[in-house]
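Nothing in this text is a laboratory measurement; each read-out follows from the coordinates by a stated rule. Keep in mind that what you see is a predicted model, and the values were worked out from it rather than measured. Neighbour counts run over all protein chains shown; Cβ positions are idealised from the backbone, glycine included.
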Amino acid sequence: MKRLIIIVILFLQFIAAADKLLIPMDQIQKDHLKAYGIAFWTLEKNINIEWLLNYRGGSFLIDYYSPIAQECRIRGVSFNRITANGVLDIYTEIEQNNMDIILLEKAPRIAIYTPQNKQPWDDAVTLALTYAEVPYKTLWDEEVFQGELEKYDWLHLHHEDFTGQYGKFYRNYHTATWYIEQKQQFEAMAQNLGFNSVHAQKKALAEMIKNYVVNGGFLFAMCSATDSFDIALAVLNIDAAHSVFDGTPIEKNIQQKIDYNNSMAFKNFNIITDPMVYEYSNIDYPPSDNPVVRGAEADYFTLFEFSAKYDPVPTMLTQNHVPVVKGFMGQTTGFNREKIKKHVLVMGEDPTTPQVKYLHGNHGQGTFTFLGGHDPEDYQHFVGDPQTDLSLHRNSPGYRLILNNILFPAARKKERKT
């Protein structure tokens with residue numbers, strides 16, 4: 001009798017172990033953003049996750065453990081317990097359609113390049129990670145120059161100006177206290193690091209970040225950190241900053257000296273050196289100095305559909321519960337299609353204009369992903385605007401694009417059995 005009881009217990013444990021926990025990511029999910037936090041939390045516990053690409057919005061499938069189910073309940077994330085037969089049905093559907101399985105194995109080490117005095121709501125990625133309860137570290141110039149980047153798998157660039165022009169806020173804010181203080185802080189930082197100007201120091205920093213990508217790092221950036229970063233690389237050894245920024249004149253014939261071979265994403269762009277113009281170059285579309293404000297109700301961009309089985313990377317990065325995402329503006333709202341290098345993959349665009357919103361590329365052993373705009377749930381963000389409350393936008397498709405990127409470094413394509 002005792003032996004029979006043991007056999008029954010072992011059998012029940014086997015059946016339980018065969019069950020899976022499904023976190024659906026389609027329209028029924030109550031909190032898409034927190035769901036990414038659950039995925040990250042699970043990886044931190046050394047539990048693998050199957051990311052079901054194109055299945056119900058990019059759902060997550062995990063071995064069933066009661067602590068994971070309980071954590072879902074605490075965070076308000078929808079989930080289902082799936083039996084072995086149900087799992088087989090899911091696998092069959094995936095095999096027969098434009099879907100695939102990506103195995104997530106290890107929580108990536110995440111860093112955000114951001115000033116120490118910045119608030120979380122100044123940056124959409126910081127907001128997203130904070131709301132989703134995904135841990136991250138912050139870095140600034142000193143840490144980068146000290147070689148700290150190599151400790152991290154994934155790096156986000158706060159919407160920083162890598163050209164050393166202080167965000168090109170000169171016309172409207174050069175007499176503002178915060179602008180003057182920031183300029184003094186940046187100049188002191190550049191001097192402490194051995195540079196005679198902020199733009200020289202920031203360009204050297206951009207080159208270090210580029211080398212981080214070359215050596216296998218995953219880079220993500222939004223808003224002005226995208227084009228200002230690439231512009232800085234292209235004018236690495238040129239003084240392209242007006243004298244109001246550094247006290248020295250711009251080099252002559254600067255347009256002919258731009259090295260597009262050193263930039264990662266963009267080509268053949270013209271830089272705008274006038275400090276009175278709120279724009280870096282003609283990469284940005286629509287231009288910040290003459291924006292086309294269509295209004296949140298009329299502004300959308302379309303995500304491309306990729307082959308999950310043959311193009312898993314862009315498929316991962318575009319997972320969503322909707323194919324069309326509402327637009328949002330920023331200092332760099334989008335990217336002029338004509339200025340994007342041929343090897344760069346377009347993942348989201350406004351098909352009615354020259355605007356590309358979302359792109360991805362390989363560089364060396366690593367990758368970069370750029371998303372135009374400042375805040376997916378704040379259509380036209382201004383300096384001093386209040387923070388976005390993500391508890392009111394728990395199912396934001398735009399914020400999902402950000403959070404897809406943090407799981408990308410954890411991914412390995414699962415081999416299908418033959």
Assuming R0 = 56 Å, what is the FRET efficiency of D63 and A188, from their Cβ-Cβ distance, to the nearest 0.05?
0.60
Grab the beta carbon distance between E338 and K118, set R0 = 22 Å, and tell me the FRET efficiency rounded to 0.05.
0.10
If you filter region 214-318 for trypsin sites (Lys or Arg not before Pro), then keep DSSP loop positions with at most 10 other Cβ within 10 Å, what is left?
K252
Taking a ≥ b ≥ c as the square roots of the Cα gyration tensor eigenvalues, with a/c under 1.5 meaning rounded and otherwise prolate when a/b beats b/c or oblate if not, region 350-389 comes out oblate
Residue among K106, K203, K34 with the largest mean-square fluctuation in a Gaussian network model of the chain, springs linking Cα atoms under 10 Å
K106
Contact order normalised by residue count of the chain, Cα under 8 Å, 6+ apart, percent:
19
If you count the DSSP beta bridges with both ends in the chain, what percent of them are antiparallel, to the nearest 5?
70
Please give the contour-minus-distance gain from N290 to K137: 0.36 nm per residue of separation, less the Cα-Cα distance, rounded to one decimal in nm.
51.5 nm
Is the C-alpha gyration tensor of region 261-418 telling us rounded, prolate or oblate? Criteria: a/c under 1.5 is rounded; beyond that, a/b larger than b/c is prolate, otherwise oblate.
oblate
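Can you compute the helix-only [θ] at 222 nm over the chain? Use -39500 (n - 2.57) per DSSP H run of at least 4 residues, normalise by all residues, nearest 500 deg cm²/dmol. Don't skip to the end; give the middle numbers.
On the way: 14 runs with 140 residues, N = 418.
Computed ellipticity for the chain at 222 nm equals -10000 deg cm²/dmol.
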Where does the chain land on the Kirkwood hydrodynamic radius, alpha-carbon pairs, in angstrom?
22.6
Gaussian network model of the chain, Cα springs within a sub-10 Å range: biggest mean-square fluctuation belongs to which of H360, H174, H321?
H174
Nearby lysines by direct alpha-carbon distance to K326 (threshold 16 angstrom, same-chain neighbours under 8 apart not counted):
K357
Using the structure shown, select from K202/K252; K118/K202; K34/K202 the pairs with a Cα to Cα distance greater than 26 angstrom.
K34/K202
Any aspartates and glutamates with Cα under 13 Å of the K45 Cα? List them, leaving off those in the same chain fewer than 8 positions away.
D63, E71, E105
